[in-house]
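Asker: I have a structure here, written as structure tokens, and I will follow up with some questions on it.
The values are calculated or read from the model by the stated rules, or taken from the named source; none is laboratory data. Worth saying up front: this structure is predicted, and the values here are computed from it rather than measured. Cβ sites come from the backbone with ideal geometry, for glycine too, and all protein chains shown count toward neighbours. In case anyone asks, the SASA skips ligands and DNA or RNA and just uses the protein heavy atoms, side chains included. Shrake-Rupley method; radii C 1.70, N 1.55, O 1.52, S 1.80 Å.
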Amino acid sequence: MKISFFGSSLVSSYWNGAATYYRGMLKEIAALGHEITFFEPDAFERQAHRDIDDPHWAQVVVYPATTDGWRTSLDKAARSADMVIKASGVGVFDQELETAVAGLPSRIMRVYWDVDAPATLEAIASDPHHHLRRAIPSYDIVLTYGGGDGVVAAYRAMGAQDCVPIYNALDPRTHFPSPAEPGFTCDLSLLANRLPDREQRVEHFFLDVARDLPSKTFVLGGSGWETKNTSSNLRKVGHVGTGAHNAFFGSALATLNVNRDSMARFGFSPPTRVFEAIGAGACLITDCWNGIDHFLEPGLEVLVAATGAEVASHLAALSPNRARAIADRARARILSLHTYRHRARQFNELFTGSSSQIEAAE
């Protein structure tokens, strides 16, 4: 198939947490013989903060963040594509694109791929006139990167013809154990951009823990934290490009995952950071959310904390040997069941009814 994909950015992870998901999914889909063109707007200084070159497995089209820019790109896509995918959260002209893709001719497979379904559904629920209420029934299918049965039921209630979660996963060729770097060495690390619907949870699960454990060291990566008051045992390292993720995750005794409010409420929404960290060989501590046991076994492959106090308790009881054992078990589980190659099989079966190519590759 010729697939045209409209997303935030494939070549830059700057203020773009979906980059890892896009890269992992689309690389493996392309490996099955599909031809991919990725359309992304020149917005939010992402082109100035590229962290990969244009990949060989996808053509990247960067269009001006203007009305003419998205219209010209969609016209180009519609002329040649068998499938047009509109991802959520492009960041500019989302409503216009989502409405326009829904109205493409029926000869084109129209896919809405929600990379933040909990947040999207909460926005729709709060606005009876939200444009997606009208657009979603015109898409052939909705794909989501998380959310489980709750997300599927909500989209079907909205009139979606079908809704299928294709969860985040690991690309073992990009996320793997690497030597520790002194700048990232600590007892507990966290990589998360500063966002309004996550900041309070970061306070409870990470910043307060750092204040309460002055003998431990903490490293906070991600954009937006420069002005945040933190304790002296916590180092802020700013934006961490994808090329440094392996060292970041692997340099700490343990690393922390903190889901945003909506993701925690819906459950079954493991962010890319979970798989990146485990792929890099990290011992993971995560906040508590429904569905974690679908991906990892609590206590053996991941440490789960319902409160900041439980994060502190896990950290206090964690020896280097135990952290290594947890990390090794988690990585083995993810490699066996949750790589982007597994997700590409799911995509291929969904749209072609076949996974033979990927099974042969394995």
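Asker: Which one of these is farther than 29 Å from residue 200 by Cβ, in a helix (DSSP H, G or I), open to solvent by 50 Å² or more (accessible area, probe 1.4 Å) and not aromatic (Phe, Trp, Tyr): 343, 329?
Answerer: Selected residue: 329, the only one of 343, 329 that is farther than 29 Å from residue 200 by Cβ, in a helix (DSSP H, G or I), open to solvent by 50 Å² or more (accessible area, probe 1.4 Å) and not aromatic (Phe, Trp, Tyr).
Asker: Is it the case that some residue within segment 313-325 is assigned to a strand (DSSP E or B), touching a residue at least 12 places away in the same chain (Cβ under 8 Å) and surrounded by 15 or more Cβ atoms within 10 Å (Cβ to Cβ)?
Answerer: Among the residues of segment 313-325, not one is assigned to a strand (DSSP E or B), touching a residue at least 12 places away in the same chain (Cβ under 8 Å) and surrounded by 15 or more Cβ atoms within 10 Å (Cβ to Cβ), which makes the answer no.
Asker: When you go through 334, 358 one by one, which is the residue that is outside any loop (DSSP other than H, G, I, E, B), at pLDDT 95 or above and within 25 Å of residue 174 (Cα to Cα)?
Answerer: Values: 358 fails: at pLDDT 95 or above.
Checking each option against the conditions leaves just 334.
Asker: Still on this structure, I have one more. Considering segment 218-243 alone, what residues qualify as being within 17 Å of the chain's Cα centre (by Cα) and touching a residue at least 40 places away in the same chain (Cβ under 8 Å)?
Answerer: Hits for segment 218-243 are 223, 239, 240, 241, 242, 243.
Asker: Could you tell me whether segment 63-86 includes any residue that is open to solvent by 40 Å² or more (accessible area, probe 1.4 Å), closer than 15 Å to residue 144 by Cβ and not hydrophobic (A, V, I, L, M, F, W, C)?
Answerer: no
Asker: Quick one: how many residues across segment 212-228 are closer than 24 Å to residue 16 by Cα and open to solvent by 50 Å² or more (accessible area, probe 1.4 Å)?
Answerer: Residues that pass the stated criteria total 2.
Asker: Does residue 268 satisfy the condition of being under 22 Å from residue 323 (Cβ atoms) and either of a type outside the set (Gly, Ala, Ser) or surrounded by 21 or more Cβ atoms within 10 Å (Cβ to Cβ) (or both)?
Answerer: no
Asker: In segment 99-128, how many are part of a helix (DSSP H, G or I), open to solvent by 70 Å² or more (accessible area, probe 1.4 Å) and either of a type in the set (Lys, Arg) or under 25 Å from residue 2 (Cβ atoms) (or both)?
Answerer: So the count comes out to 1.
Asker: Kindly list the number of the only condition in (1) buried (at least 16 other Cβ atoms within 10 Å of the Cβ); (2) touching a strand residue (DSSP E or B) at 6+ places or on another chain (Cβ under 8 Å); (3) under 24 Å from residue 282 (Cα atoms); (4) polar (S, T, N, Q) that fails for residue 178.
Answerer: (2)
Asker: Output the residues belonging to segment 26-57 that are under 27 Å from residue 238 (Cα atoms) and crowded, with 24+ Cβ neighbours inside 10 Å.
Answerer: Hits for segment 26-57 are 40, 41.
Asker: When you look at residue 56, is it free of Cβ contacts under 8 Å to residues at least 12 places away in the same chain and not charged (D, E, K, R), yes or no?
Answerer: It is true that residue 56 is free of Cβ contacts under 8 Å to residues at least 12 places away in the same chain and not charged (D, E, K, R).
Asker: Would you check if residue 94 is modelled with pLDDT under 95, open to solvent by 20 Å² or more (accessible area, probe 1.4 Å), under 22 Å from the mean Cα position of the chain (by Cα) and not small (Gly, Ala, Ser)?
Answerer: In short, no.
Asker: Would you check which residues across segment 274-300 are in a loop (DSSP other than H, G, I, E, B) and touching a strand residue (DSSP E or B) at 6+ places or on another chain (Cβ under 8 Å) and list them?
Answerer: Of everything in segment 274-300, those that are in a loop (DSSP other than H, G, I, E, B) and touching a strand residue (DSSP E or B) at 6+ places or on another chain (Cβ under 8 Å) turn out to be 282, 283, 288, 296.
Asker: Quick check on this structure: which one of 209, 164 is in contact (Cβ under 8 Å) with a residue 60 or more places away in the chain, surrounded by fewer than 19 Cβ atoms within 10 Å (Cβ to Cβ) and of a type in the set (A, V, I, L, M, F, W, C)?
Answerer: 164
Asker: Sticking with this one: What about residue 171, is it more than 17 Å from residue 283 (Cα to Cα), surrounded by fewer than 17 Cβ atoms within 10 Å (Cβ to Cβ) and not aliphatic (A, V, I, L, M)?
Answerer: No; evaluated as a whole, the condition is false for this residue.
Asker: Just to be sure, is residue 196 at pLDDT below 95 and either farther than 25 Å from residue 296 by Cα or surrounded by fewer than 20 Cβ atoms within 10 Å (Cβ to Cβ) (or both)?
Answerer: Criteria met by residue 196.
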